[in-house]
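The values are calculated or read from the model by the stated rules, or taken from the named source; none is laboratory data. All values derive from a computational prediction rather than experimental measurement. When we count neighbours, we look across all protein chains shown, and the Cβ atoms used for this are built from the backbone with ideal geometry, even at glycine. Only protein heavy atoms, including side chains, enter the accessible area calculation; ligands, DNA and RNA are left aside. Shrake-Rupley method; radii C 1.70, N 1.55, O 1.52, S 1.80 Å.
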Amino acid sequence: MAAAAGLPVPAVHAARHDGPLLGMLIDDLGEPVREADDQDGAAAAVRIHRVTIAPGLARLGESQLAALPEKIVRRLARHGGPEHARAAGAALRQTAPVRVAGAELPPFGLVHSEFHPTSVHIGTTGPRVLDLARAFAGPGLLDLASWHGTITHPDSDRTRDFLTAYVEAGGPEETLSDRGGLEAAAWALGWHRVWVAEWFTQQMEMGWAEGAEDTWLNVITRHLVDAAGLLQA
């Protein structure tokens, strides 16, 4: 689908589903000639988000985004999440109907969802976008918030600069518009951290955290506290 829409991705020569597993034989792109920088990321994101028809992929519009905090709170209750994590989740649940406004403004289309410098391979024949395993249709600002990672404290200034670089690379002007009563960088960083926290609670439900529950809960808590601050919950 991505290739048909003009997105530069490795060619898929064969693919097979076996139950929950997917195996693919794709082009060997070789070693990258350099690491992707912010300009590469902005240009790649513009091309990703121009893919507006994504049949078969989940959609994360305003209503689905607003429902994420409730899912997190329910799962934390089942898995014994710490009180301050559940409190942050409850605050986000309360403010979500207001803060979600603008989620469907442009850019709204294909979202990579794990968009980092390692997602863009810079080879001798140009850039290729990798690892679309968790792609969905939704607000492209989530990709822009994820580019610099979530291990360090959220940096609104750095994200704002990246959003500006994205617009300068051809992204829609609405990228910089306020959403949910917040400026775009804070909105993007906050909702991206909610999305990450929800994904980690999904992993706990699937048993991926067995034996490392405390680590998962610490990560979820950090993301929820960051999100509550960014979204002024």
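Could you please report the charge total around residue 45, scoring K, R as +1 and D, E as -1 over all other residues with beta-carbon less than 11 angstrom from its beta-carbon? Write down the numbers at each step before the final one.
Working: positive: 47, 50; negative: 38, 40, 143.
Local charge sum for residue 45: -1.
State the Cα centre-to-centre distance between the stretch 144-177 and the stretch 1-57 in whole Å.
21 Å
Quote the accessible area belonging to residue 136 in square angstrom, nearest 10, computed with a 1.4 Å probe and with ligands, DNA and RNA left uncounted.
20 Å²
Any idea of the accessible area per residue across the chain, 1.4 Å probe, to the nearest Å²?
Solvent-accessible surface per residue comes out at 49 Å².
Among the GluC sites (Glu not before Pro) in the stretch 126-197, which ones are in a DSSP loop with at most 16 other Cβ atoms within 10 Å of the Cβ? Mind listing them? Don't skip to the end; give the middle numbers.
Working: sites: 168, 173, 174, 183; in loops: 183.
The qualifying sites are 183.
Percent relative contact order of the stretch 138-233, based on C-alpha pairs within less than 8 angstrom and at least six residues apart?
30 percent
Spin-label point model (7 Å from Cα, Cβ direction): what's the residue 183 to residue 39 distance in nm?
2.5 nm
Quick one: putting +1 on the C-beta of Lys and Arg, -1 on the C-beta of Asp and Glu, what dipole do you get for the chain around its Cα centre, in Debye to the nearest 20?
Its charge dipole is roughly 700 debye.
Using a 1.4 angstrom probe and counting only protein chains, how large is the accessible area of residue 17 in Å², to 10?
Approximately 140 Å² for this residue.
May I ask which residue of 103, 81, 126 lies farthest towards the positive end of the charge dipole of the stretch 70-135, with charges of +1 (Lys, Arg) and -1 (Asp, Glu) on Cβ and the Cα centre as origin?
The Cα lying farthest towards the positive end belongs to 81.
Accessible area of the stretch 161-233 with a 1.4 Å probe: how many percent of it is carbon plus sulfur? List each step's numbers first, then the result.
Values: 1420 of 2920 Å².
Reported share for carbon and sulfur atoms: 49 percent.
In the stretch 1-56, carbon and sulfur make up what percent of the accessible area (probe 1.4 Å)?
54 percent
Return the calculated 222 nm mean residue ellipticity for the chain, to the nearest 500 deg cm²/dmol, obtained by summing -39500 (n - 2.57) across DSSP H runs with n ≥ 4 and dividing by the residue count.
-14000 deg cm²/dmol
What accessible area, in Å² to the nearest ten, does a 1.4 Å probe give for residue 129?
Accessible area, nearest 10 Å²: 10 Å².
Where does the charge balance sit around residue 113 when Lys and Arg score +1, Asp and Glu -1, over other residues with C-beta under 11 Å from its C-beta?
Residues near residue 113 contribute -2 overall.
Using only Cα atoms, what is the ratio of the radius of gyration of the stretch 1-73 to 2.2 N^0.38 Å?
Cα Rg divided by the expected 2.2 N^0.38 Å: 1.48.
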